[in-house]
């Protein structure tokens, strides 16, 4: 793992955390529908990496157990506020998709929406998702075509 790239990514997202939802306001007109379609397939115990400000929270099915992870700790209070406003009990923790702190086969579903363009080693991150998801589970992704890592 390139620790300098990880530190740069963390610093970048911590810096823009207060403005993140404003920056992406117009794009959410399109992305909201995509998020809704994707997350309708999420089931059971879920890990969402790159949770950011919690933009996916309104689209999760009822009754799921969500753990949200983000490398930028300044995103997490915004995600907490969104979860609380929706009445969702979501576990939010700081973490890196390239080195998840969960045992193998811990989750039924993993979710990452528009995350892997900013992960320094996306292959390592995807391997980590596969590791923590049960063999019969699913990894649900939204990615930008043409992002530097796709």
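Only the coordinates and a few stated rules stand behind these numbers; no lab work does. Just so you know, these numbers come straight off a predicted model, no measurement behind them. Cβ coordinates were reconstructed from backbone atoms using ideal geometry, including for glycine residues, and neighbour counts include every protein chain displayed.
Descriptive notes on the structure:
- Sites residue 80 and residue 22 - FRET efficiency at Förster radius 22 Å, r taken between beta-carbons, to 0.05: 0.75
- Structure-derived Rg and Dmax of the Cα atoms in Å - corresponding label in (1) 20.7, 72; (2) 14.9, 42; (3) 14.3, 39: (3)
- Packing here is the average count of other Cβ atoms within 10 Å per residue, and on that basis the peptides 107-117, 2-12, highest first, run 107-117, 2-12.
- The chain, relative contact order in percent, only Cα pairs under 8 angstrom and at least six apart counted: 24
- Ellipticity at 222 nm from helices only: DSSP H runs of n ≥ 4 in the chain, each -39500 (n - 2.57), divided by the residue count, give -10500 deg cm²/dmol.
- Packing-based ranking, highest mean first, of 38-47, 70-79 given that Cβ atoms within 10 Å are counted: 70-79, 38-47
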